[in-house]
Amino acid sequence: MDRPVFGSDPSGDRSRYREAAIHGTPQFPMRIYENNFDWYADNIIDWHWHPEIEIAVVLSGRVMCCINDTVIEVGEGEGFFINSNTMHMERPIEDDEKPIMNTVCFMPEFIGDCGGDLIFRKYVSPVVTDMSLRGMKLSEDIPWQRDILAAVRKLYRISEHKERGYELQCRNIIGELWYKLAVNISSVSEDSAPAAESGLGEKRLKEMLSFIHENYASDLTVDDIAASANISKSECFRCFRNIIGKQPISCLNEYRLKKAAELLADTNMQITEICFACGFNHISYFGKVFRQQYGLTPKQFRNSL
């Protein structure tokens, strides 16, 4: 299975930093894959969002899933639901084995025509537009959630062969899965991950993260980051703190280090070149923070690959 790739929105809309991978095709907008944390820098599926609904089941290990400002822990056999366009990240729980997950992503219109048919209006739109329902844990102990987890595993099994009629099977399974979710969701909505001030804080944070990801090589300040969302410096700090629990400059430096690690692994650029290409002004400081992040100097990191 191809692994997901993260990057700027191909449309050029800086307000939405999201996965660059296409989940399926416009004609068949769903994708099921096995997620291995070895694919990702630092073994972290970093903060991102996408228009597709995402449902995952953990096959092995334990996963910490952050959905906006809510943190859930998911073990083997359990899973999670993430609503459309919701910020989230996943990482292995510290000192645990690297988890493996089956993940399905699908566009809301895979269930019903978002042009306004009855199914979409009655059973899809109320869920994907519910700002109080950004995501939730799925447990094997609750029958309807257990059925959803089983459906994801079944989708993965049939996707490995793609026999004739595969698309119809997927459509039917997604329909059954969504039925279980839509008719039971009202009983759990109060426990779901809340939106950040009706989505305003989330919207601003998306704009600022997108700005960081597109301009990390430049000499950025907190004022620059705040200005990208047309907010004050104090509001900038509040958005980062309340939703992802970090400071803006910490997010900036973490992203710079991630890009530096990619360049060390994938190119023959000199370490000094990488330092400046990733927005660091001093090679000694770059070496210090890189070692703090990865436990190795940049040279040792490259040699270890």
Backbone HN-Hα couplings from phi across region 172-182 [Karplus 6.51/-1.76/1.60, Hz, Gly and Pro as x]: 5, 5, 4, x, 5, 4, 5, 4, 4, 6, 5
Placed amide H near residue 85: partners under 5 Å, 5+ positions off or other chain: 50, 52
21 Å tail of the calculated P(r), region 78-186, as % of Cα pairs: 41
From the C-alpha gyration tensor of region 219-269, square roots of 5λ in Å: 27, 12, 7
Under Karplus coefficients 6.51, -1.76 and 1.60, residue-wise ³J(HN,Hα) of region 154-170 in Hz, glycine/proline x: 5, 4, 5, 4, 6, 6, 5, 10, 6, 6, 4, x, 3, 5, 5, 4, 4
Percent of Cα-Cα distances greater than 25 Å, calculated over region 133-282: 56
Among 223, 266, 147, residue whose mean-square fluctuation peaks in a GNM of the chain (springs only between Cα atoms under 10 Å): 266
Region 206-305 - Debye-derived log10 I(q)/I(0), Cα point model, q = 0.20 Å⁻¹: -0.94
In nm, spacing of pseudo-spin labels at residue 139 and residue 113 (7 Å Cα→C-beta vector): 4.0
Residue order for 304, 210 - accessible surface, 1.4 angstrom probe, largest first: 304, 210
3J(HN,Hα) from dihedral phi, region 220-226, Karplus parametrisation 6.51/-1.76/1.60, rounded to Hz, x for glycine, proline: 9, 10, 4, 4, 5, 5, 4
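The values are calculated or read from the model by the stated rules, or taken from the named source; none is laboratory data. Since we're looking at a predicted model, the values are computed, not measured. Here Cβ is always computed from backbone atoms with ideal geometry, including for glycine, and neighbour counts include all displayed protein chains. These accessible areas exclude ligands, DNA and RNA; they are computed on the full protein's heavy atoms, side chains included. Shrake-Rupley method; radii C 1.70, N 1.55, O 1.52, S 1.80 Å.
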